[in-house]
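*Asks:* Dropping a structure here in structure tokens format, bear with me for questions.
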Amino acid sequence: MATTFTGTSPGLTYKDLLHFNNSNAGVTGSLQALNDGNGATTALQVSTTGIGSTGTITATGAVTGSNLSGTNTGDQTITLTGNVTGSGTGSFATTVAAKAITLGMLADGTDGELITWDSSGVAAAVATGTAGQVLTSGGAGVAPTMQTLDIAVSELADGTDGELITWDASGNAATVGAGTSAQVLTSNGAGAAPTFQAAAAGGALTFVSTTTASTSSSIDITGIDSSAEIWILEISNYTTSVDNDAISIRTSTDGGSSYDSGAGNYRYTHHSRSDAGSVSGGQSTSATAIATTSGVGNAAGFGGNLTVKIYNPSGTTHTVISWISAWTASGGSVFTGSGMGKRVSAADVDAIQFIPGSGTIDTGEFTLYKVANS
């Protein structure tokens, strides 16, 4: 059927027809404006792949679609849901849901660094430090840092009294059991932790006790028993309240409850030589105590020293005691000497006593050892 167009002129006849002004090329892949029959250009643009506009598009209904873009002019309300929420027109605040940020969402950082917060509450990084360092708190308001481990004794975990710290064959920290009284720490060779073991037989010294003189009328040494045949007393820097005095020895057979002090209980002899070459000594075949030296000064820096050995005190024999001595006399001369004494009667000796000639023993350390039986 033919279509009839009416109008007073071609322009009026075709003005209601929209067309492309492109020499009859038709619709192409590029957006082209549509013109009316009078040649006026519209805002509407058309291509084979889409529609565009150079003006404002007004919709009275809902507009749907994907990949929509543009500017919210403030008269439309936008509501966000999900991990990021918020609602408003134009620009508005949003909130990120708690625990919504995963590791994959974090910005790249430096290998080994840690996340912390500075004194302003701003996220910051803790530097990696060096191998072997540990993360150490700097206290409130200061970010932690990697530092070299420095553990004080007070920071160690509680342990068992008497145990020691060692490392096992794998290099792990371990403890050495406390052992029993008088045992000694003994190496078990490479790759094995040391252990406490009985002291090797034959001549090993075992500490027993120390007594400190302090204006003492006597120094009593107890605890001597049959566990050793030889007992040694180291006496250092003793002085007496009376100048130019010395100490003597008595023995006990009842654990120190009393000490034999009768006439004729002891025999002794001792001799000495001074730095000036003078020789002196003393002896007795019937004494109330065993005299060790004579003439020990008590001025500052003076005093006497003795190493005393007691032989087989529990053997119910005539217990023998020997000594070597070194002292400074009241006039400043130095002496060295030695001597020995013994009980006249046989007895089981289990304590000895040191007494001054008069006054008191004011200073000195009296340390008892025993020599292990072979």
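Bear in mind these aren't lab numbers, they're just calculated from the coordinates by the rules spelled out. All values reported here derive from a predicted model rather than from experimental measurement. Quick reminder, even Gly has a Cβ in these numbers, built from the backbone with ideal geometry, and neighbours come from all protein chains shown.
*Asks:* For the ranges 349-362, 312-325, 215-228, what's the packing order if you count other beta-carbon atoms within 10 Å of each residue, average per peptide, and put the highest first?
*Replies:* 349-362, 312-325, 215-228
*Asks:* Under unit Cβ charges (Lys, Arg +1; Asp, Glu -1), what dipole magnitude, rounded to 20 debye, does the chain have relative to its Cα centre?
*Replies:* Dipole about the Cα centre, nearest 20: 320 debye.
*Asks:* Using 0.36 nm times the number of residues separating Leu106 and Thr212, minus their current alpha carbon distance, what extension gain do you get?
*Replies:* Stretched fully, the Leu106-Thr212 segment lengthens by 31.1 nm.
*Asks:* Further question on the same structure: State to the nearest 20 debye the size of the charge dipole of segment 252-344 about its Cα centre, where the only charges are +1 on K and R beta carbons and -1 on D and E beta carbons.
*Replies:* 180
*Asks:* Under 14 Å from the Cβ of Gly357, count the other residues' Cβ atoms, weight Lys and Arg +1, Asp and Glu -1, and hand me the total.
*Replies:* So the environment of Gly357 carries a net charge of -2.
*Asks:* If you stretched the chain out fully between Val142 and Ala62, how much longer would it get, using 0.36 nm times the residue separation minus the C-alpha to C-alpha distance?
*Replies:* 23.2 nm
*Asks:* Tell me the net charge near Thr316. Cut-off is 15 Å between Cβ atoms, Thr316 excluded, with +1 for each Lys or Arg and -1 for each Asp or Glu.
*Replies:* That sum, taken over residues with Cβ under 15 Å, equals -4.
*Asks:* Among (1) 36, 23, 19; (2) 116, 22, 17; (3) 38, 27, 23, which one is semi-axes √(5λ) of the Cα gyration tensor in Å computed from these coordinates?
*Replies:* (2)
*Asks:* Please give the peptides 291-298, 233-240 ranked by average Cβ packing (other Cβ atoms within 10 Å per residue), highest first, as a rough proxy for protection.
*Replies:* 291-298, 233-240
*Asks:* Something else now. For Lys370, which aspartates and glutamates qualify as cross-link partners when the Cα separation must be under 20 Å and same-chain residues fewer than eight apart are set aside?
*Replies:* Within the straight-line limit of under 20 Å, Lys370 reaches these aspartates and glutamates: Asp220, Asp225, Glu229, Glu234, Asp254, Asp348, Asp350.
*Asks:* Over the Cα atoms of segment 205-372, what Rg and Dmax result, in angstrom?
*Replies:* Just the Cα atoms of segment 205-372 yield Rg and Dmax of 15.0, 44 Å.
*Asks:* When a/c reaches 1.5 or more, the comparison of a/b and b/c decides; with that in mind, is segment 159-198 rounded, prolate or oblate per its Cα gyration tensor?
*Replies:* It is oblate, given that a/c is not under 1.5 and a/b is not larger than b/c.
*Asks:* Taking Rh as the Kirkwood radius computed over C-alpha pairs, what is the Stokes-Einstein D of segment 160-249 at 20 °C in a medium of viscosity 1.002 mPa s, expressed in µm² per second?
*Replies:* Once the numbers are plugged in, D ends up at 124 µm²/s.
*Asks:* Another question, then. Explain nothing, just the number: dipole magnitude of segment 205-372 about its Cα centre with +1 on each Lys and Arg Cβ and -1 on each Asp and Glu Cβ, in debye rounded to the nearest 20.
*Replies:* Using Cβ point charges on Lys, Arg, Asp and Glu, segment 205-372 gives about 420 debye.
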